[in-house]
Amino acid sequence: MLTLVLHNLLRRPLRHGLTLAGVALAVAVLVCITAFGTGYRQTLRGELDRAGLQMMLVPTGCPYDDAARVLKNNTLENSLPASALDLARRDPAVAVAAPFLMAALPRTDTRRTDLWVGLDETALPLKPWWRVTAGRAWFNGPDEVILGADAAALEMRAPGDKFFSPETRREFRVAGVLERSGTSDDSIFFIPLATTQAMFAQTGRLTAIAIRLKDPALVREAAPRLQEIPGAQVVTMTEMMGTFLNLLGAVRTLLLALGVIALTVGALSVFNTLLAGVVERSGELALLRALGASRTQVFALITGESLLLSGVGGALGLALAVAGGPALENLVRPWVPFAPAQTLLALDDRVLLNGLALALAAGALAGIYPAWRASRLSPALAVKME
Amino acid sequence: MTTSPQENTSVIAAQALTKIYQRGREEVRALDAVSFTVARGEFTAITGPSGAGKSTLLNLLGCMDAPTSGTLRLDDREVHGLDERARTELRRSTVGFVFQHFGLLPTLTVEENVVLPALFARRSSARRAEMLLEKVGLLHRRTHRPHELSGGEMQRVAIARALINEPRLLLADEPTGNLDSATGYSIITLFQQLNAEGLTVLVVTHNAVMTAAARRQLALRDGRLADGK
Ligand SMILES: Nc1ncnc2c1ncn2[C@@H]1O[C@H](COP(=O)(O)OP(=O)(O)OP(=O)(O)O)[C@@H](O)[C@H]1O
Ligand SMILES: [Mg+2]
């Protein structure tokens with residue numbers, strides 16, 4: 001029975017090959033999309049967990065968006081007074097309160113806009129993934145800069161090199177170059193907080209304060225107190241996760257719709273191929289009935305073909321997803337709000353198995369009508385078969 | 001020669017067998033109240049002009065179609081009134097069918113073609129397939145594909161296949177229609193041999209040699225039996 005199924009499929013290599021390609025493509029797209037959503041959630045949570053942040057103090061305004069911008073090293077229009085930092089540090093629940101000042105510096109020589117981030121030592125425990133490929137991981141004086149991997153490549157600077165910023169008329173010494181992290185950190189110029197404040201005429205101002213509590217469970221207790229700090233607004237990480245996922249939701253829905261369309265097209269192509277095969281081989285199928293095959297057996301035969309088509313197509317699709325997923329991810333990444341650094345594709349066993357199961361289900365569904373048609377063929381037709 | 005009582009029972013008993021096809025609004029009376037019996041071990045030829053209803057009759061006898069009216073007993077079991085599933089069951093176990101165009105599956109080997117009906121009947125068949133291929137003289141061709149065989153060889157394979165489930169009745173619709181006379185003759189000889197071994201054979205044929213080889217002739221014309229002896 002299996003050889004019969006197999007032989008029938010091998011008989012029309014082009015048609016079945018095209019169908020396989022269609023199914024494979026559909027499954028690949030679908031799997032990537034599912035993997036993408038899951039991966040986004042996972043890496044986002046992972047990134048937030050690793051930072052060990054529970055909340056962020058930002059200037060009053062549009063808090064969620066601000067917090068998200070800060071997390072992605074984007075600048076804000078308004079700022080916090082330095083007094084907010086002292087108040088935050090005095091709170092009994094706060095373990096670390098790390099101030100940041102971010103500034104965008106449009107370059108006159110090129111069209112680039114450089115991002116400068118000022119931070120102090122308190123930020124170090126919040127960036128555990130910071131590693132330098134060369135030089136030191138911290139500043140030795142006020143005029144030292146640590147470059148992100150891309151920034152270093154762009155400026156062609158190595159540790160120890162001098163580095164002049166014409167727009168601000170300041171000279172720095174490169175203290176270290178960071179390992180490529182795939183995050184927005186890669187393109188940033190990190191300098192001491194006080195230097196940033198002086199350089200951009202923001203003395204005493206901060207863009208945000210990242211806060212780690214002594215115990216994550218203290219969030220509910222500490223948030224209202226910190227909210228009292230004048231000019232500041234608290235955004236918890238849980239709130240921020242929600243915002244990220246909401247922002248992603250729209251993109252995901254769109255992608256999911258694409259995936260469903262792809263799978264539908266794949267299923268239709270299986271349907272079309274099988275139906276054409278059944279019509280074309282109606283004499284042969286009637287012959288099988290004449291030779292004693294029951295309707296159920298003929299139905300099973302065609303269903304077997306549909307499962308084989310969709311199963312093999314699905315497996316190819318999984319391979320395609322694993323091989324081509326990263327390319328697809330790069331294509332999609334620009335549209336993802338605040339994309340986390342690591343790969344967004346979580347092509348784990350569950351996602352892959354789901355993809356295959358979905359392909360088989362779609363194939364079985366697509367095969368029902370052709371199989372039913374085949375099972376209804378009268379054995380009497382066999383006599384007329386050439 | 002002693003005759004057991006079983007040998008007297010009929011393999012086919014048709015009474016007023018009628019088949020009406022609906023072609024648009026028109027009714028085609030392909031078979032019109034045909035009555036006859038075939039005893040166990042008989043070799044019968046059905047003859048008649050094109051459109052006489054020969055294939056229609058064979059389809060009814062082979063449980064491939066249900067009669068419009070009339071009764072039919074095969075191997076002492078009532079066929080008329082059986083549902084599709086039961087007819088399949090009966091076809092599988094009782095009837096072997098040989099077609100004018102051989103009806104071999106091109107993608108399967110000779111041996112796979114032969115065991116196919118046993119596969120559907122869920123019987124084990126390897127030994128019997130070997131024996132039957134030996135009998136039709138094609139054991140050495142068991143792994144070949146149909147397109148590598150001559151017409152006569154293909155029909156021999158088809159005959160071996162028809163016999164795999166040990167049927168009581170062998171039905172053939174113009175089995176020599178696509179063969180030259182010499183090859184056709186060897187098929188006729190094979191049918192005679194099978195009949196001599198006790199198989200009941202019913203053949204629709206235009207072949208005079210086949211008709212002569214059969215010990216009984218039934219002539220159909222316009223869906224009726226001309227002389228049902
Ligand atoms: N499925 C069908 N639907 C409608 N009419 C049919 C069908 N099958 C056969 N007929 C008609 O029934 C009549 C008998 O057909 P049948 O095939 O039994 O003839 P036959 O004796 O086998 O002829 P031939 O020697 O050409 O094979 C013909 O008029 C034919 O057109
Ligand atoms: Mg005919």
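A few notes on this one:
- Test: residue in the stretch B:66-81 that is under 20 Å from residue B:134 (Cα atoms), within 16 Å of ligand 1 (Cβ to nearest atom) and either within 7 Å of chain A (Cβ to nearest Cβ) or surrounded by fewer than 24 Cβ atoms within 10 Å (Cβ to Cβ) (or both): no
- Consider the stretch B:165-189 and keep the residues that are part of a helix (DSSP H, G or I) and of a type outside the set (A, V, I, L, M). The one that is nearest to ligand 2 (Cβ to nearest atom) is B:184.
- Taking the stretch A:101-132 as the range and being among the hydroxyl-bearing types (Ser, Thr, Tyr) and under 26 Å from the mean Cα position of the chain (by Cα) as the test, only A:113 passes.
- Of residues in the stretch A:210-233 being part of a helix (DSSP H, G or I) and free of Cβ contacts under 8 Å to residues at least 12 places away in the same chain, the one nearest to residue A:59 (Cα to Cα): A:227
- Restricting the stretch B:52-78 to residues that are farther than 26 Å from residue A:285 by Cβ and either more than 17 Å from the chain's Cα centre (by Cα) or free of Cβ contacts under 8 Å to residues at least 40 places away in the same chain (or both) leaves a set whose member that is nearest to ligand 2 (Cβ to nearest atom) is B:52.
- Evaluation of residue B:19 against (1) at pLDDT below 95; (2) within 16 Å of ligand 2 (Cβ to nearest atom) (one fails), failing number: (1)
- Where residue B:162 falls short, out of the listed (1) touching a residue at least 60 places away in the same chain (Cβ under 8 Å); (2) more than 16 Å from ligand 1 (Cβ to nearest atom); (3) more than 14 Å from every other protein chain (Cβ to nearest Cβ): (3)
- Failed criterion for residue B:212 (all others in (1) over 30 Å from residue B:124 (Cα atoms); (2) of a type in the set (A, V, I, L, M); (3) in contact (Cβ under 8 Å) with a residue 40 or more places away in the chain hold): (3)
- Cβ-Cβ contacts under 6 Å between residues 6 or more apart (or on different chains), taken from a first residue in the stretch B:25-50 that is over 18 Å from residue B:95 (Cβ atoms) to a second residue that is in a loop (DSSP other than H, G, I, E, B) and near ligand 1 (Cβ under 10 Å from one of its atoms), are listed as B:29/B:223; B:30/B:53; B:30/B:223; B:32/B:223.
- Filtering the stretch B:149-164 for residues that are within 20 Å of residue B:56 (Cα to Cα) and not in a helix (DSSP H, G or I) leaves an empty set.
- Residue count for the stretch A:260-306, restricted to those that are under 18 Å from residue A:368 (Cβ atoms), more than 14 Å from chain B (Cβ to nearest Cβ) and buried (at least 18 other Cβ atoms within 10 Å of the Cβ): 13
- Any hit, the stretch B:85-95, residues being within 16 Å of ligand 2 (Cβ to nearest atom), in contact with a helix residue (DSSP H, G or I) (Cβ under 8 Å, 6 or more places away or on another chain) and within 13 Å of chain A (Cβ to nearest Cβ): no
- Residue A:367 being within 30 Å of residue B:65 (Cβ to Cβ) and either modelled with pLDDT of 80 or more or surrounded by fewer than 18 Cβ atoms within 10 Å (Cβ to Cβ) (or both): yes
- Screening residue B:46 with (1) away from ligand 2 (no atom under 13 Å from the Cβ); (2) β-branched (Val, Ile, Thr); (3) within 13 Å of the chain's Cα centre (by Cα) gives one miss only, at (1).
- Verdict on residue B:88 being among the hydroxyl-bearing types (Ser, Thr, Tyr), crowded, with 19+ Cβ neighbours inside 10 Å and closer than 15 Å to residue B:165 by Cβ: yes
- Scanning the stretch B:120-139 for any residue that is away from chain A (no Cβ under 14 Å), under 22 Å from residue A:383 (Cα atoms) and touching a helix residue (DSSP H, G or I) at 6+ places or on another chain (Cβ under 7 Å) turns up nothing.
- All conditions but one from (1) within 28 Å of residue A:53 (Cβ to Cβ); (2) touching a helix residue (DSSP H, G or I) at 6+ places or on another chain (Cβ under 8 Å) apply to residue A:86; the one that does not is (2).
- Any hit, the stretch A:102-115, residues being surrounded by 15 or more Cβ atoms within 10 Å (Cβ to Cβ), at negative phi and part of a helix (DSSP H, G or I): no
- Filter pass, residue B:222 being within 14 Å of chain A (Cβ to nearest Cβ), within 16 Å of ligand 1 (Cβ to nearest atom) and charged (D, E, K, R): no
- The one condition in (1) β-branched (Val, Ile, Thr); (2) within 14 Å of chain A (Cβ to nearest Cβ); (3) within 14 Å of ligand 1 (Cβ to nearest atom); (4) within 20 Å of residue B:137 (Cβ to Cβ) that residue B:176 fails to fulfil: (2)
- If you go through the stretch B:29-55 and keep only what is away from chain A (no Cβ under 14 Å) and either in contact with a Pro (Cβ under 8 Å, 6 or more places away or on another chain) or within 18 Å of residue B:215 (Cα to Cα) (or both), you end up with B:36, B:37, B:38, B:39, B:40, B:41, B:42, B:43, B:44, B:45, B:47, B:48.
For (1) under 19 Å from residue B:91 (Cα atoms); (2) surrounded by fewer than 21 Cβ atoms within 10 Å (Cβ to Cβ), each residue gets a yes or a no:
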| residue | (1), (2) |
| --- | --- |
| B:110 | no, no |
| B:132 | no, no |
| B:137 | no, yes |
| B:155 | no, no |
| B:168 | yes, yes |
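The values are calculated or read from the model by the stated rules, or taken from the named source; none is laboratory data. Source: prediction; values computed, not measured. Please note: Cβ atoms are built from the backbone with ideal geometry, for glycine as well, and neighbour counts cover all protein chains shown.
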